[in-house]
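Scroll down for the structure; my scribbles are underneath it.
Read-outs: derived from the displayed coordinates by stated rules, not from any lab. Keep in mind the model is a prediction, meaning the values are calculated, not measured. Counting neighbours? That spans all protein chains shown, and the Cβs are built from the backbone with ideal geometry, glycine included.
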Amino acid sequence: MVDTIPVLDFTSASLLHSDEEYVKNDLEGLAKQNLEGLAKQIIKAFSSVGFFYIKNHGVTEDEVDALHKYTSLFFNLPVSIKEKYKRTDTNHGWASFELERLSPDRPPDLKESFNITNIEDENIIWPEEVPEFKTTMKNIFGKLRRLSMRLLRLIAIGLGLDDHEYFFKYHNLIGNDNITTMRSLFYPSLLGKEIKLNQLRCGEHSDYGSCTLLFQDDIGGLEVMTRDKVYIPATPIPGCVIVNIGDLMQKWTGNRLIAAVCSSF
């Protein structure tokens, strides 16, 4: 039984390597062996517990701290102001408290969110009350796009595909004409709020896309269901990103990789 979430060292695929250097490392010598070893660990984790942490990924703590700081400033604005930025048909914008319900068997989730999809769209409305919000989000989106592409290459290597860029052509529009979404989640204080029976912060669900990269704060609350139907905590680890795949990637790989169920309590 798998009862822990592994921590993988992403040094060989870190964003500290340029994109050109990373592709070169995929082809030559010891660097190639390191990437192949990491790819095997990724497939093992995705085939068992379905989640893993990565360390030494190349996104700095300052960048993550800025992300938490400016999203927190936005979420703590009055509802009347946040309403100006409510989510549109393009899936960009703010979703209010209890708007989403990720588990159809439970009441709505006790959270808010802010979605970003087409980062290149000049018509996107950004919160003017937090001027740093736009630049911070665009910076971290670009970093995560690059990190996601490296993860997809490693999945292809780990699966033994001849074409290591196989998944790229299905993700090359990330941040443009594509539904890939960067989500900031906010779990406000429940003091004085009426909690419904069986209501959670975020109901049980598996993600629906190809892969997810999650930066946690230091509070925690995320739990992951193992193949043995037992929930284990995904405790925040400083400097780490937690990674999982969604239903699309599970189907894409013929159920070899697992879109694990998770929830937040």
Original post:
Full extension from THR253 to ASP228: what is 0.36 nm times the residue separation minus their Cα-Cα distance, to one decimal in nm?
Top reply: 6.9 nm
Original post:
Two-decimal Rg/Rh of region 213-265 from alpha-carbon positions, Kirkwood Rh?
Top reply: 1.01
**OP:** Set the Förster distance to 41 Å, then compute FRET efficiency between ILE125 and ASP217 from the Cβ-Cβ distance, nearest 0.05.
**Re:** 0.95
Original post:
Dipole magnitude of the chain about its Cα centre, charges +1 at Lys/Arg Cβ and -1 at Asp/Glu Cβ only, in debye to the nearest 20?
Top reply: 520 debye
Original post:
Within region 1-130, how many lysine pairs that are 8 or more places apart, or on different chains, have C-alpha atoms less than 23 Å apart?
Top reply: 16
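Show that you can apply the helix-only estimate: for the chain, add -39,500 (n - 2.57) for every DSSP H stretch of four or more residues, divide by all residues, and state [θ] at 222 nm to the nearest 500.
Here the helix-only value at 222 nm equals -9500 deg cm²/dmol.
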Original post:
With point charges of +1 on the Cβ of Lys and Arg and -1 on the Cβ of Asp and Glu, referenced to the Cα centre of region 1-121, which listed residue (PHE10, THR60, GLN41) lies farthest in the positive direction of the dipole?
Top reply: GLN41
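Taking every eigenvalue of the Cα gyration tensor of region 87-237, multiplying by 5 and rooting it, what semi-axes result, largest first, whole Å?
Numbers: eigenvalues 159, 110, 39 Å².
Rounded to whole Å, the semi-axes are 28, 23, 14.
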Original post:
Which value in nm describes the separation of the simple spin-label points at LEU190 and LEU16, placed 7 Å from the Cα toward the beta carbon?
Top reply: 4.1 nm
Original post:
Where the centroid of each part is defined by its Cα atoms, how far is region 1-74 from region 124-142 in Å?
Top reply: 25 Å
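Nothing charged except the Cβ atoms of Lys and Arg (+1) and of Asp and Glu (-1): what's the magnitude of the dipole of region 41-181 about its Cα centre? Round to the nearest 20 debye. Display every interim value, and only then the final one.
Values: 18 positive and 21 negative charges, 78 e Å.
It works out to roughly 380 debye.
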Original post:
To two decimal places, what compactness ratio does region 1-75 give when its Cα radius of gyration is scaled by 2.2 N^0.38 Å?
Top reply: 1.37
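Kindly work out what percent of the DSSP beta bridges joining two residues of the chain are antiparallel, to the nearest 5.
Values: 24 of 28 bridges.
So the antiparallel bridges amount to about 85 percent of the total.
What is the sum of charges, Lys and Arg at +1 and Asp and Glu at -1, for the other residues whose Cβ falls under 14 Å from the Cβ of GLU21? Don't skip to the end; give the middle numbers.
Numbers: positive: LYS24, LYS32, ARG146, ARG150, ARG153; negative: ASP19, GLU20, ASP26, GLU28.
So the surrounding residues net to +1.
Taking the convex hull of the Cα atoms, report for region 130-201 its projected area averaged over all directions, in nm².
Details: hull surface 33.3 nm².
With every direction weighted equally, the projected area is 8.3 nm².
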Subject >> Top of ASP207, ASP19, ASP162 by mean-square fluctuation, Gaussian network on the chain, Cα under 10 Å >> reply: ASP162
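At 0.36 nm per residue, minus the direct Cα-Cα distance, what do GLU100 and GLU36 gain on full extension? Give it in nm, one decimal, please. Don't skip to the answer; put the middle values down first.
Working: separation 64, 0.36 × 64 = 23.04 nm, distance 3.93 nm.
Using 0.36 nm per residue and subtracting the Cα-Cα distance, I get 19.1 nm.
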